[in-house]
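Chemist: Quick one: this structure, given as structure tokens, is what I'll be asking you about.
We did not get these values from a lab; they are worked out from the coordinates using the rules stated. Keep in mind the model is a prediction, meaning the values are calculated, not measured. Methodologically, a virtual Cβ is constructed for each residue, glycine included, from the backbone with ideal geometry; neighbour enumeration extends over all protein chains shown.
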Amino acid sequence: MTATRWERVRGPVLVIGGLAAATLALHLRDPHQHGSWGLCPSAALGIYCPGCGGLRAVNDLTNGDLAGAASSNLLFVVLMPAIIALLVLWAADRWSGRSRHIDGRRARATLVGIGVVAVVFTVLRNLPMGAWLAP
């Protein structure tokens, strides 16, 4: 039995809808206000993880402040176009019923590369010479 279009697109619709709702919430409730979204455990310990500043970056982007977003979390801002492109491809493929073959070796190499970049970013933003990367 073949899946209906709704059954195929349900996942992308729910994920993209959830991200849109979270983005709207971040626009309406400013994460720049201390404690407005709770406290980050790693930042409370004085360590900026690769995600630190991500909520502020989303808020800045919804206000059209690309420089502010980059200042909050440069890695997130740089990865944002790829994240959006992957979501669009996923939704379009599910809509059309097309399936892509993902080369496991290539996917693994990409994920390892992103992981290495995230670790380097984390280390740099916690060192004095990379303080400009800290949120």
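Residue-wise test of (1) under 23 Å from Pro50 (Cβ atoms); (2) out of contact with any Lys or Arg (no Cβ under 9 Å at 6 or more places or on another chain); (3) assigned to a helix (DSSP H, G or I).
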{"residue": "Arg98", "(1), (2), (3)": "no, yes, no"}
{"residue": "Ile114", "(1), (2), (3)": "yes, yes, yes"}
{"residue": "Val117", "(1), (2), (3)": "yes, yes, yes"}
{"residue": "Trp132", "(1), (2), (3)": "yes, no, yes"}
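Chemist: Being surrounded by 20 or more Cβ atoms within 10 Å (Cβ to Cβ), of a type outside the set (A, V, I, L, M) and either in contact with a helix residue (DSSP H, G or I) (Cβ under 6 Å, 6 or more places away or on another chain) or under 18 Å from Phe121 (Cβ atoms) (or both) is true for just one of Gly68, Gly53. Which residue is that?
Modeler: Just one listed residue meets the conditions, Gly53.
Chemist: Check Ile16, Ile84 and return the single one that is surrounded by 11 or more Cβ atoms within 10 Å (Cβ to Cβ), more than 26 Å from Val119 (Cα to Cα) and either free of Cβ contacts under 8 Å to residues at least 24 places away in the same chain or touching a helix residue (DSSP H, G or I) at 6+ places or on another chain (Cβ under 7 Å) (or both).
Modeler: Criteria check complete, one pass: Ile16.
Chemist: Another question, if that's okay. So which residues in region 96-113 are of a type in the set (Gly, Ala, Ser) and more than 30 Å from Thr2 (Cα to Cα), if there are any at all?
Modeler: Ala109, Gly113
Chemist: Now for a separate question. If a residue has to be part of a helix (DSSP H, G or I) and over 18 Å from the mean Cα position of the chain (by Cα) to count, how many in region 12-36 make the cut?
Modeler: 1
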